[in-house]
C-alpha cells in the first residue's frame, strides 16, 4: 500500500476532520452535569455530531436503552462513511471493521450460550454492515445448541477456533475460547497490514499486550488460576514486555506484586496515582492517550483508520457510562473517574 497516495491522503484528512468533531473535555463536562437521560439526549441531539442520528427523537420521552442503541448505530454510521472510500488500496481496513464486529458478536453469543440466554441476543448493527458479515446474525438468537452456533460461524475465519471448544457439562471455557478467537482475529489483521507500516503494527501489538496484562490480572485476582492455565489464555504477541517479564507477572504472589513488576517496565511512564485501583481502566487509557496523539501526527491511513475506530468506540463507551451513572444518581466528580478522557 502506498501510504502517500492521493486516496490515502483523502482518508487521513477526512478522518482527522471527523475526529476533530468528537467530544472534547468541555462537551463531557456538559454531559456529566445533566441530571437525566433526556438531558443527555438533548445535548447530543443539538450540540454534537450525533445530531443526524438523533434528529427525529423526542428527547423528553426517550429511555436509556433506546438512546444507547441509537448511539451505537451512530457509530456504525461513521464507519459507513469509511466504506465510501472502499478501494483496492485501503480495502484491508474495511475488512478490519467487519472482522472486529464479527469477533465481538461471536463473543457475545458464546457468553449468552453459557448462561442459557441466547434469546436475549439482539442485533443492533445497521443494515449496511449486516450484508458484509459472513454470520447470519439474525439467527443467533434462535441457536438451540452449540452445534447451531458453530454452524453459523462456518463461513468465518472463527469457525476452526470455535470448533475446539465444544461444551463440557453444557459450558464453554469462555476465557480460552475468547483467546483463540482473538488470536485468529489478530493473526488475520496483522497479515493484512502493510509490513512497511511499522506504526500500525506497533499499535496492534500494544493493544494485544495491554489485553494480556488485563487477562493475567483478572485470572489471578478473581479466579486464582494456576500458571499453566493463565499462559494458555494469553495471546502470543509481545511489545514492551518480554516473555521473562510475563512469567514474573504470572508467578507473582499477589496482584499488587504483579503491578509493581509493571512499574519496572516501559509502562511506568503511563502510570498515575490510579494505576493500582483499576488495571482495566488504566489499560484502556494508555491506548487512548497514544492513539489520540497518533491520529493527529501519523500519516499512515491504516494507522489513522484503526485509531479512529478505537477512539470512537471509547467515546461511545464514555457516553454510555455517563448515562448509566446518571441513572444511578452518581455525583459529577464520581462520574469523571469512570471516563477515559
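The values are calculated or read from the model by the stated rules, or taken from the named source; none is laboratory data. Just so it is clear, the model here is predicted, and its values are computed rather than measured. Positions of Cβ are backbone-derived with ideal geometry, glycine not excepted, and every protein chain shown enters the neighbour counts.
The figures follow:
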{"read-out": "Residue satisfying all of: in segment 3-15; surrounded by 15 or more Cβ atoms within 10 Å (Cβ to Cβ) and out of contact with any helix residue (DSSP H, G or I) (no Cβ under 6 Å at 6 or more places or on another chain); modelled with the highest pLDDT among these", "value": "14"}
{"read-out": "Candidate set from segment 310-327 (those that are within 12 Å of residue 341 (Cα to Cα) and free of Cβ contacts under 8 Å to residues at least 60 places away in the same chain); member that is farthest from the chain's Cα centre (by Cα)", "value": "317"}
{"read-out": "Among the candidates 253, 225, 220, residue that is free of Cβ contacts under 8 Å to residues at least 40 places away in the same chain, assigned to a loop (DSSP other than H, G, I, E, B), crowded, with 16+ Cβ neighbours inside 10 Å and at negative phi", "value": "225"}
{"read-out": "Selection count, segment 111-122, where residues are surrounded by fewer than 16 Cβ atoms within 10 Å (Cβ to Cβ) and modelled with pLDDT under 90", "value": "3"}
{"read-out": "Condition check for residue 57: without any contact (Cβ under 8 Å) to a residue 60 or more places away in the chain and crowded, with 16+ Cβ neighbours inside 10 Å", "value": "yes"}
{"read-out": "Test: residue in segment 148-163 that is modelled with pLDDT of 90 or more, in contact with a strand residue (DSSP E or B) (Cβ under 6 Å, 6 or more places away or on another chain) and over 28 Å from residue 326 (Cβ atoms)", "value": "no"}
{"read-out": "Segment 133-162: number of residues that are surrounded by 15 or more Cβ atoms within 10 Å (Cβ to Cβ) and part of a loop (DSSP other than H, G, I, E, B)", "value": "8"}
{"read-out": "Failed item in (1) closer than 18 Å to residue 203 by Cα; (2) free of Cβ contacts under 8 Å to residues at least 40 places away in the same chain; (3) in a helix (DSSP H, G or I); (4) more than 16 Å from the chain's Cα centre (by Cα), with residue 241 passing the rest", "value": "(3)"}
{"read-out": "Meets criteria (closer than 28 Å to residue 154 by Cα and either in contact with a helix residue (DSSP H, G or I) (Cβ under 9 Å, 6 or more places away or on another chain) or assigned to a loop (DSSP other than H, G, I, E, B) (or both)) for residue 235", "value": "yes"}
